[in-house]
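Structure, as structure tokens:
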Amino acid sequence: MTNPLNLSSTITNISRRGVLTGLGAGAFVLAVGVPGSIPAKAQDAKYGGDGMPNGLRDDPKIFVAIADDGTVTVTCSRQEMGQGVRTSIALIVADELEADWARVKVAQAQGDEARFGNQDTDGSRSIRHFFMPMRRCGAAARAMLEEAAAQQWGVPVTEVEASNHEIEHKPSGRRIGYGAVAKAAAELPVPERDAIELKDASRFRYIGKGEIGLIDGFDMTTGRAQYGIDTRLPDMVYAVVARPPVYGGKIASYDDAEALKVPGVLKVVTIEPTPIPSEFQPLGGVAVIARNTWAAIQGRSKLEITWDDGPNKAYSSDTYRETLEAAARKPGAVVRNSGDADGVLAKAEKRLEAEYYIPHLAQASMEPPAATVRIVDGKCEAWACVQAPQATRDRLAGRLGIPVEDVTVNVTLLGGGFGRKSKPDFVVEAGLLSKAMDGAPVKVTWTREDDVQHAYFHTVSVERLEAALDAGGKPAAWLHRSVAPTIGSLFGPDPKHELPFELGMGLVNLPFSIPNIRIENPEAVAMTRIGWYRSVSNIPHAFAIQSFVAELAHAAGRDHKDYLLELIGPDRKIDPTAIGDGWNYGEDPKLYPIDTGRLKGVIELATQEAGWGRSLPKGRGLGLAAHYSFVTYVAVAAEVEVDEHGLLTIPRMDIAIDCGPQVNPDRIRSQMEGAAIMGVGNTLLGEITFKDGRVEQNNFDGYEVARIDASPKEIHVHLVPGPDYAQPLGGVGEPGVPPIAPAIANAIFAATGKRIRQLPVKEQLSV
Amino acid sequence: MAILRVNGEERQYDGDSSMPLLWYLRDELGLIGTKFGCGQALCGACTIHVDGTAMRGCQTTIADADGLSVTTIEGLAADGDHPLQIAWRELNVPQCGYCQSGQIMQAASLLKDTPQPTDEDIDSAMSGNICRCGTYPRIRAAIKQAAAATQGAKL
Ligand code: FES
Ligand code: FES
């Protein structure tokens, strides 16, 4: 879900910087944020979808097909993982096409970015980037149908109009269905982009209405929906893999004699490990291939393997935390510096400081990674639940030595993704195993233990904040040190600093009106695979900053909401590049400045709806947090209750979101609900820890996620009405997550006086 | 040789009868609506009915179900029109949808025993079913809507 800097460009950027300047990513990071030294974008700087690899496409001949019977099939090139994108993309096209929703179907695109444009489904950008191209597709197709009908009738096209799956000749009242002219329309040239007439928003039938049911709703409620784990092919065999328990480890020796005795086990083969950094490639290990999944699992349990653990065998969360804390207590690479925070802090009479700890997390989508691959006549075909089908195709081609045009990637539904399924290591495993089975179709299934132990983990961080307080208790200076291993460590030779896209997730682009601000990013060395996890580095940054503001407000004896609003300061549009963020979620800083008025707006809305300031019974508290991410503004007011045993419940949550124009309000709401619940899990329960290089958790007993009884009793989502549809759209899938943890932590403080500085809360409230 | 009924059809299996029904249903019978989520009775994705009672398919072996009747999401209602399935669609409950077979099977068992469940009933019956996408508020609402629609009639 979250691959904000697309992968191929991450890699190119790192190596290009390395080659051109002889400096690593860390040195580059140093330069960011020093005013005037932000790397100038090239003349032809591209933003948004145009800035992604392979850009955007808006050709109706690629995305829209109309059958003789009038059935409209929209090809969705973005992957469905619960955000409702197949419904939302289709309804955009259908609206501009004037199609009757009952006659619209969706087909899922294969991985082919030359044809479909960028397909990386991450970074909360499917609708943000594809709204306009999909509108143009629908509108162009409508124009072509009108033209074809006019030609058939021999009338001027100005006299015909398409509406609800029919074209009408206005003067005569003659009508013809879409199916009857579809063939002729398909022969016509696609109108030039400038000539395409988009509908006026007042005539939208589906966009922004929220009355459309899920296009996959029937399949998903009847067991018919096909996920990556559900592929079945003739003569298919089933595999599970025993992987090195420590990142960078390999097989020292193994004995498969007992495994091969398990009925149904066919073969045991090894997969070559990928040296660190392992990018999207398999970890290697020993695979058991069998006639069914159960036999493969049984066989694997009988393998005797001795591992050579490699360089990360000393990775232990306890000592690593101390390393991060030590780094956070010393100056580090400066990533933003305005004014003289060091000087003011040194002389301050009143200061406040706090350190926050946010642990590793695993995405743990309900569908674990699973993929099926077969190789026939030198051609490879995969069925997989992947967020990045082109990256999957490229990695399969590279690792199997098959030309990329001979690799087909069919994308199934994803049973959740959350960033894990941006990485196709599991598909490459299936490819290698199919090769080992002479091309027979092999399905690789990850068990939950595999998924929890070999995730691409959310980073672990220590966030240290210091403020010098003026007479009114407001920060005269602000120092923030963020220390966390970077996702760049997957690709680069030993990067130790957060990359621009991580810094830009709520760290450097702090929208507060404080005269002296210094932000530093000391070194951290990654000792496991770090990856994207829904909302990524916004999680630690928002938790620390929004908790610290509440601490400051409390120290000043002020109302938290008033204090936060004052800290944000007057309504203004901040150019992100002026505060050290040259990344800005890949968006044009002119189109997408940070609008403090909108940030304050969601705070006002959430608090008003939550009844901020009302008196609460003993043991209850209201907490607030707001965060800007994925070019969207979200504020959360959480009400918690902590009983005399320290048992916490969440009676109510109010979430206000301003994501600009809204395409599918029901799915915006559902994303906020889901983000709230995932956020509750992150806050209260979730933690991955390492000992001797190994993950200590195995399954949903050790690695807990939110269940129905822990989730808020009421979640109220408040949508800020969108401006006109010409305005830029914000992201939706991720921005709901970051404010949840600090809102809950602030509510816990309000309820109990206990300040949570470490996640998860777990036993911290027990008495 | 184990003999069981699956969605009304008699099935015989002479392979390893210690195989959990989950894998038998999915790999041998192709009934992929029953999902794998944890394999350890921790998530409920594999929930099926054995002689009318909700069970975890990952913990119930073929031998356990010998002579019994198994219902999966595919066999819950002809045409997918169980009141819960209807409510689920009306409220757009699913996000990724992966956990929903198990959620619906568990909820069906709840409504059978407790036609008008309270919030506490729902919490205790449904807390074994994880939804990582966080569809719980709508699951709760859909169960109540289905309960209201059937007005307490036995399902
Ligand atoms: S797979 Fe059976 S409970 Fe999770
Ligand atoms: S809908 Fe995705 S896990 Fe429940």
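FYI, it's all coordinate maths here, none of it is from the lab. This one's a predicted model, so the numbers in the text were calculated from it and none came from an experiment.
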Sorted by chain and then number, the residues having a modelled amide H within less than 5 Å of the amide H of A:Thr274, at least 5 places away or on another chain, are A:Gly284
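Pull out the extension gain between A:Lys590 and A:Ala726, defined as 0.36 nm times the separation in residues minus the alpha carbon to alpha carbon distance; nm, one decimal.
47.5 nm
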Rounded to the nearest Å, the spacing of the alpha-carbon centers of the range A:678-697 and the range A:166-204 is 54
Stretched fully, the stretch from B:Asp14 through B:Asp64 gains (0.36 nm per residue minus C-alpha distance, one decimal, in nm) 16.6 nm
Note, the range A:600-613: 3J(HN,Hα) by Karplus (6.51, -1.76, 1.60, θ = phi - 60°), whole Hz, Gly/Pro = x, goes 5, x, 5, 5, 4, 5, 5, 6, 4, 5, 7, x, 3, x
Expressed in Å to one decimal, the Kirkwood Rh of the range A:237-295 from all distinct alpha-carbon pairs is 12.2
Over all directions, chain B yields a Cα convex hull whose mean projected area in nm² is 8.4
At the level of C-alpha centres, the distance separating the range A:247-296 and the range A:520-573, in angstrom, is 43
Unit-weight point scatterers at every alpha-carbon of the range A:194-316, Debye formula, q = 0.15, 0.18, 0.19 1/Å: log10 I(q)/I(0) is -0.81, -1.00, -1.06
Per-residue ellipticity at 222 nm attributable to helices in the protein assembly as shown (runs of n ≥ 4 DSSP H, -39500 (n - 2.57) apiece, nearest 500 deg cm²/dmol) works out to -9000 deg cm²/dmol
Eigenvalues of the alpha-carbon gyration tensor of the range B:83-150, times 5 and square-rooted, give semi-axes in Å, largest first, of 17, 13, 10
Applied in sequence order to the range B:17-22, the curve 6.51 cos²θ - 1.76 cosθ + 1.60 (Karplus, θ = phi - 60°) yields integer Hz couplings, x standing for Gly and Pro, of 7, 8, 5, x, 4, 3
Kirkwood calc, chain A, C-alpha pairs only, radius in angstrom 27.3
Expected vector for the range A:491-502, Karplus 3J(HN,Hα) from phi with 6.51, -1.76, 1.60 and θ = phi - 60°, integer Hz, x for Gly and Pro, equals 10, x, x, 6, x, 10, 10, 4, 7, x, 6, 7
Taking the alpha-carbon centre of each part, the distance from the range A:447-516 to the range A:318-351 in Å is 13
At 4 °C in a medium of viscosity 1.567 mPa s, the range B:2-76 has a Stokes-Einstein diffusion coefficient, with Rh taken as the Kirkwood radius over alpha carbon pairs, in µm² per second, of 110
